[in-house]
1. Are there any pairs, at least 6 apart or on different chains, whose C-beta atoms fall under 9 Å, with the first in the range A:120-139 and among the hydrophobic types (A, V, I, L, M, F, W, C) and the second in a loop (DSSP other than H, G, I, E, B), and if so, which?
2. For the range B:363-372, enumerate the residues that are touching a strand residue (DSSP E or B) at 6+ places or on another chain (Cβ under 9 Å) and either acidic (Asp, Glu) or more than 9 Å from every other protein chain (Cβ to nearest Cβ) (or both).
3. Pairs needed: first member in the range B:373-385, more than 9 Å from chain A (Cβ to nearest Cβ); second member anywhere, at pLDDT 95 or above and surrounded by fewer than 20 Cβ atoms within 10 Å (Cβ to Cβ); C-beta distance under 6 Å; at least 6 residues apart or different chains.
4. Between a residue in the range B:233-251 that is modelled with pLDDT of 95 or more and any residue that is in a loop (DSSP other than H, G, I, E, B) and of a type in the set (Val, Ile, Thr), which pairs come within a Cβ distance under 6 Å, given they are 6 or more apart or on different chains?
5. Restricting attention to the range A:34-48, and to residues there that are within 14 Å of another protein chain (Cβ to nearest Cβ) and among the hydrophobic types (A, V, I, L, M, F, W, C), which single residue is surrounded by the fewest Cβ atoms within 10 Å (Cβ to Cβ)?
6. Just a yes or no: is a residue in the range B:171-178 within 24 Å of B:Thr286 (Cβ to Cβ) and in contact (Cβ under 8 Å) with a residue 60 or more places away in the chain?
7. Collect the residues in the range B:166-181 that are under 12 Å from B:Leu142 (Cα atoms) and at pLDDT below 95, keeping them in residue-number order.
Amino acid sequence: MNTQNENIEDITNTNNLLTNPDAQEGLVELIQKLEPLLAGRRLNRIVDLMSVTADVVDMTDDYMIEKLCKSYEEVIGGAWTAGNIVRMAGNEVRQMEEPPTLWSLLKTAKDPEVRRGLAFMLMMARGIGKQMNQPLPEYD
Amino acid sequence: MKKRILVIGGGIGGTMTANHLVSKLYPEISRNKVEVSLLSNSPWHYYKPAFMYVAFNKFFKDELRRPQQSLLRPEINFIVDEVESFEFNANRVRCSSGKFYDYDYLVISTGCLPAPERIEGLKEAGDHFYQYAPAKALAEKLTTIKKGRIFVTVNFPQTPNVPHQCGIAPIETTLMLDDLLRKRGVRDKVEIVYTYPTVSQLLRNCLFMQKDTCEVLPTIFEQRDIKYQHGFSLSHVDPDKKIAYSHEGKEENFDILMATPPIRAVDAVINSGVSQAQNNEGWLPTDHETMEVYGLNNVFVLGDTVDLPVSKAGGSCHSQSPVIVNNIASHIRLGRLCDQYDGRVVAIAQMGLEDGMPLWYDYSSDVQPTPPNKLGGLMRKSFNRGVYWSVARGLV
């Protein structure tokens, strides 16, 4: 541990560092590990990785962050909503002592929330249909 | 009253803008106050930069295209039709089907077209990689050449300070060519000569349109034994003798003439009468900050059709598109524009078949070239095969 009285020259002085036997031993181990990586040009990849990471940071702008965050919110929001619905529906079904009869299933449609949910499913079908309202372009 | 936004062009600029508009204006769209339509002359969306890879047998046609509808949010009204004329005074466009489409806001993203016919003999004797069919034809030649001379030329628009299509593409393809011929084992029998015209935007007698990159190119070329010349502005080509002539008085023989050809805007844009570009090239006079077309109300332009000094490439669209989206949204909501384009262009250059080099620049700073590496190449390949489609969908 360096004392507060040491200045930056003391800390970075290699001679001082190498007088510590533990540090010397660690450095030897590190060089032994690095040697084959240097010989095989594998350490270069680490430098390349740092370079590419720096590039990504510099290439990213506010617009990209805005779009990525929007995508993140949509994905997480969708998954969260779907998860809640599945959990609630599962809970209700598990509490049923008997499976509902066909007639009682139909009667659940009296519930306006069920009808709203069914309407949602049908609207989804319409959206899917709209996405597919043009035939696939012809391959040439 | 419902505001109608009409986006013209199903390339990357139009597609990402239409998707982003829906995302940005969803509160208005969900209340039926705004409608977004996209007009394209093709049911397919092509990843145009991949045409370059077709020339090196790295992409098949169905890998570089998707049905346009599959890339659009369902709220977008997608129409396949070709714009024949713009009627700016009436706020509408007329299409080849005879139908008219009205708008309150218009976004023009109709790209540009290679025009090798604008140089005598180039269409007959030259090859390029900026469209699928020519790239495929070039691939046949590059795959079979056993000896000879491949001559690379770059042709700028005559409108001052407007670049050719995808600024880095000639360097990318020259390096890819070197790698391909080495792989084929014929590199020692095929000479590659890279040339650049005397006038390249604001620079003179260089090998690239930006100074820093220009200075590192000789070393890169010499390491690969690629010959290079500056000051070769293609004047005409003799297809029979296979000789390329320059305005500077040089003549060079070739077996393959790999050219970055002249370019122009699409017919409807040229015929709109708005362009002030030279040589009937058709670039629209663009406010370099707001991306509006000068002299027109609520008309914006992006991508290859602008007359700005930035690269005609998807990497420019990616930074221009959000500015237009923000400006349309703020005009609808606040009655004024709120965003400015700073000239930013972002890309990953393919430096040979394996390596890549991320790059970016803007109005005030040039590209700072870094050593290309395999990781950069993997980034570019990942973009080509996957990330691009997320960009088109407006997710990135």
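1. A:Ile128/B:Pro74; A:Leu136/B:Pro43
2. The initial filter retains those residues of the range B:363-372 that are touching a strand residue (DSSP E or B) at 6+ places or on another chain (Cβ under 9 Å), namely B:367-372.
Within the range B:363-372, B:Val367, B:Gln368, B:Pro369, B:Pro372 qualify.
3. That search, which allows pairs on different chains as well, returns B:Gly377/B:Glu354.
4. Between residues of the range B:233-251 that are modelled with pLDDT of 95 or more and residues that are in a loop (DSSP other than H, G, I, E, B) and of a type in the set (Val, Ile, Thr), the close pairs are B:Ser233/B:Thr198; B:Leu234/B:Ile119.
5. Of the residues in the range A:34-48, the ones within 14 Å of another protein chain (Cβ to nearest Cβ) are A:40-48.
Those still in the list that are among the hydrophobic types (A, V, I, L, M, F, W, C) too: A:43, A:46-47.
Details: A:Leu43: 14, A:Ile46: 10, A:Val47: 12.
Result: A:Ile46.
6. Scanning the range B:171-178 turns up no residue that is within 24 Å of B:Thr286 (Cβ to Cβ) and in contact (Cβ under 8 Å) with a residue 60 or more places away in the chain.
7. none
Condition check ((1) surrounded by 14 or more Cβ atoms within 10 Å (Cβ to Cβ); (2) in contact with a Cys (Cβ under 7 Å, 6 or more places away or on another chain); (3) within 17 Å of B:Lys141 (Cβ to Cβ)) across all residues:
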| site | (1), (2), (3) |
| --- | --- |
| B:Lys183 | no, no, yes |
| B:Arg187 | yes, no, yes |
| B:Val193 | yes, no, yes |
| B:Asn205 | no, no, no |
| B:Gln210 | yes, no, no |
| B:Cys214 | yes, yes, no |
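The values are calculated or read from the model by the stated rules, or taken from the named source; none is laboratory data. What you are looking at is a predicted structure, and each value in this text was computed from that prediction instead of being measured. Using ideal geometry, Cβ is built from the backbone for each residue, glycine included, and neighbour counts are taken over all protein chains shown.
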